[in-house]
């Protein structure tokens, strides 16, 4: 029976892999969850091991002395402000970890390594990519046009290592992950829920009729398409990919399987929190007037050339508007919004009234949510390759988002009722 090693075991994706493995005790009797600190009550089949992935191979080898597993799920990630630092830090973490497995001799037992990456593979942080996004898209390696992408570094390290040691590998590309981990606010769902909750409080506190809440992202993106990844679905995919012969030495997109838009999701979010969408929410954006009693909108340039330009000649797009630079635009700048005195006061009222964790609002990653909602182009990601390999998993995106909101209620971050 297979055994597993999971790095990044307290992150949104890594944690879910651990818990998914734990649900299949007959198939996965031994699971090693690796992290710097244990933040979870893992299933009884899970063995927690301390590891600092920023340490040296020798130090990691000491921590991994008694850790053995046939399947490795590398879901660790360390955010950096500069892309060059992300390349160096995240590449070194993977490389040193693999070296540590050599030093302990554990590499002899390994059959397959699953590396968790993301849709940043396609340059979605730089501008519009070719649509739909397909796994054979060219890597954006021209550093005169685009910054280094640490996913490329990690994958090159993995490919070389597996070739040298005769091991299989799999890489996953999730996008806009929907999931929740207690105490981990680097995710779309937490900040989105807190924004909706406080916006509703502000809308209702004036004493008049509830005027509704406003989508804070790009008015253009509101009607564009996006592809999301349920963290539980991603975990199920990883377990399938670990054992599926057809998945060996392949990279796969992993998204829910539907294609959503915020014009469909936002009214559902509003209704969930007991309010509605403000009917003229984008009026100020389209008539050029400053939005009354809200933060000014913001705009940030993306890369000088969008990723689709890498294939411009082949696609026949030379000389077209498709190659113009993109921007990230927020109808409401969420970082500025979160610092407003009336917003903080509204959160204080809600937290006191509902008995919520008062620290959660300050921990939310407002800049991250603003970026995710501020892109002005479609994000359509194909699942054809995984389907052809036999994967049949699917999740409804709204049901995924609603499910995470329910988890946040149970954790005391959102009101119970």
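The values are calculated or read from the model by the stated rules, or taken from the named source; none is laboratory data. This structure is a prediction, so every number in the text was calculated from the model and none was measured. Glycine also receives a Cβ, built like all others from the backbone with ideal geometry; neighbour counts cover every protein chain displayed.
For residues in the range 77-123 being part of a loop (DSSP other than H, G, I, E, B) and out of contact with any helix residue (DSSP H, G or I) (no Cβ under 6 Å at 6 or more places or on another chain), which is surrounded by the most Cβ atoms within 10 Å (Cβ to Cβ)?
To start, the set of residues in the range 77-123 that are part of a loop (DSSP other than H, G, I, E, B) comprises 77-82, 105, 110-111, 117-118, 123.
Narrowing the set further to residues that are out of contact with any helix residue (DSSP H, G or I) (no Cβ under 6 Å at 6 or more places or on another chain) leaves 77, 79, 81-82, 105, 110-111, 118.
Working: 77: 24, 79: 11, 81: 7, 82: 11, 105: 11, 110: 20, 111: 14, 118: 19.
Step by step, filter the range 77-123, then rank; the result is 77.
Pick out the one residue from 74, 19 that is within 27 Å of residue 400 (Cα to Cα) and in contact with a strand residue (DSSP E or B) (Cβ under 6 Å, 6 or more places away or on another chain). Walk me through how you get there before you give the answer.
Values: 19 fails: in contact with a strand residue (DSSP E or B) (Cβ under 6 Å, 6 or more places away or on another chain).
Going through 74, 19 in turn, the sole match is 74.
Kindly establish whether residue 138 is surrounded by fewer than 21 Cβ atoms within 10 Å (Cβ to Cβ), in the same structural domain as residue 89 (by TED's automatic domain parsing), at pLDDT 95 or above and touching a strand residue (DSSP E or B) at 6+ places or on another chain (Cβ under 9 Å). Working first, answer last.
Numbers: surrounded by fewer than 21 Cβ atoms within 10 Å (Cβ to Cβ): yes; in the same structural domain as residue 89 (by TED's automatic domain parsing): yes; at pLDDT 95 or above: yes; touching a strand residue (DSSP E or B) at 6+ places or on another chain (Cβ under 9 Å): no.
The answer is no for residue 138.
How about the range 236-286: which of its residues are touching a residue at least 60 places away in the same chain (Cβ under 8 Å), in contact with a strand residue (DSSP E or B) (Cβ under 9 Å, 6 or more places away or on another chain) and under 28 Å from residue 415 (Cβ atoms)?
Of everything in the range 236-286, those that are touching a residue at least 60 places away in the same chain (Cβ under 8 Å), in contact with a strand residue (DSSP E or B) (Cβ under 9 Å, 6 or more places away or on another chain) and under 28 Å from residue 415 (Cβ atoms) turn out to be 256, 260, 262, 265, 269, 270, 273, 275, 276, 277, 278, 281.
How many of the residues in the range 103-124 are touching a residue at least 12 places away in the same chain (Cβ under 8 Å) and out of contact with any strand residue (DSSP E or B) (no Cβ under 9 Å at 6 or more places or on another chain)? Before you say what the answer is, go through the steps one by one.
Quick first cut of the range 103-124, residues touching a residue at least 12 places away in the same chain (Cβ under 8 Å) only: 103-104, 106-107, 109-124.
Remaining after also requiring out of contact with any strand residue (DSSP E or B) (no Cβ under 9 Å at 6 or more places or on another chain): 103-104, 107, 123.
Count: 4.
Name every residue in the range 386-414 that is in a loop (DSSP other than H, G, I, E, B) and modelled with pLDDT of 95 or more, in order of residue number.
Quick first cut of the range 386-414, residues in a loop (DSSP other than H, G, I, E, B) only: 389-396, 411-414.
Those that are in a loop (DSSP other than H, G, I, E, B) and modelled with pLDDT of 95 or more: 389, 390, 391, 392, 393, 394, 395, 396.
Give the residue, chosen from 143, 223, that is surrounded by fewer than 22 Cβ atoms within 10 Å (Cβ to Cβ) and assigned by TED's automatic domain parsing to the domain that holds residue 336.
Working: 143 fails: assigned by TED's automatic domain parsing to the domain that holds residue 336.
One residue alone meets the criteria, 223.
Being without any contact (Cβ under 8 Å) to a residue 60 or more places away in the chain and either more than 17 Å from the chain's Cα centre (by Cα) or on the phi < 0 side of the Ramachandran plot (or both) narrows it down to one of 68, 25, 15, so name that one.
On the way: 68 fails: without any contact (Cβ under 8 Å) to a residue 60 or more places away in the chain; 15 fails: without any contact (Cβ under 8 Å) to a residue 60 or more places away in the chain.
Of 68, 25, 15, the one residue that is without any contact (Cβ under 8 Å) to a residue 60 or more places away in the chain and either more than 17 Å from the chain's Cα centre (by Cα) or on the phi < 0 side of the Ramachandran plot (or both) is 25.
May I ask you to verify whether residue 54 is touching a helix residue (DSSP H, G or I) at 6+ places or on another chain (Cβ under 7 Å), buried (at least 22 other Cβ atoms within 10 Å of the Cβ) and under 24 Å from residue 174 (Cβ atoms)? Don't jump to the end; show me each part of the working.
Details: touching a helix residue (DSSP H, G or I) at 6+ places or on another chain (Cβ under 7 Å): yes; buried (at least 22 other Cβ atoms within 10 Å of the Cβ): no; under 24 Å from residue 174 (Cβ atoms): yes.
Considered against the rule, which asks whether it is touching a helix residue (DSSP H, G or I) at 6+ places or on another chain (Cβ under 7 Å), buried (at least 22 other Cβ atoms within 10 Å of the Cβ) and under 24 Å from residue 174 (Cβ atoms), residue 54 comes out as no.
Which of (1) without any contact (Cβ under 8 Å) to a residue 60 or more places away in the chain; (2) within 24 Å of residue 234 (Cα to Cα) is the odd one out, the single condition residue 391 does not satisfy?
Here residue 391 clears every test but (1).
If we scan the range 124-131, do we find a residue that is in contact with a helix residue (DSSP H, G or I) (Cβ under 9 Å, 6 or more places away or on another chain) and at positive phi? Steps first, please.
Let us first name the residues in the range 124-131 that are in contact with a helix residue (DSSP H, G or I) (Cβ under 9 Å, 6 or more places away or on another chain), namely 124-131.
Subset that is at positive phi: 127.
Within the range 124-131 (the criterion being in contact with a helix residue (DSSP H, G or I) (Cβ under 9 Å, 6 or more places away or on another chain) and at positive phi), the answer is yes, since at least one residue qualifies.
What number of residues within the range 146-156 satisfy the criterion of being crowded, with 21+ Cβ neighbours inside 10 Å and either closer than 20 Å to residue 176 by Cα or touching a helix residue (DSSP H, G or I) at 6+ places or on another chain (Cβ under 6 Å) (or both)?
From the range 146-156, those crowded, with 21+ Cβ neighbours inside 10 Å are 146, 149-151, 154; that's our starting set.
Among the residues that remain, those that are also either closer than 20 Å to residue 176 by Cα or touching a helix residue (DSSP H, G or I) at 6+ places or on another chain (Cβ under 6 Å) (or both) are: 149-151, 154.
Count: 4.
Is there a residue in the range 237-244 that is surrounded by fewer than 18 Cβ atoms within 10 Å (Cβ to Cβ) and in a loop (DSSP other than H, G, I, E, B)?
Scanning the range 237-244 turns up at least one residue that is surrounded by fewer than 18 Cβ atoms within 10 Å (Cβ to Cβ) and in a loop (DSSP other than H, G, I, E, B).
On the basis of being farther than 21 Å from residue 135 by Cβ, part of a loop (DSSP other than H, G, I, E, B) and more than 24 Å from the chain's Cα centre (by Cα), does residue 358 make the cut?
Numbers: farther than 21 Å from residue 135 by Cβ: yes; part of a loop (DSSP other than H, G, I, E, B): yes; more than 24 Å from the chain's Cα centre (by Cα): yes.
Here the answer is yes, as residue 358 does meet what is asked.
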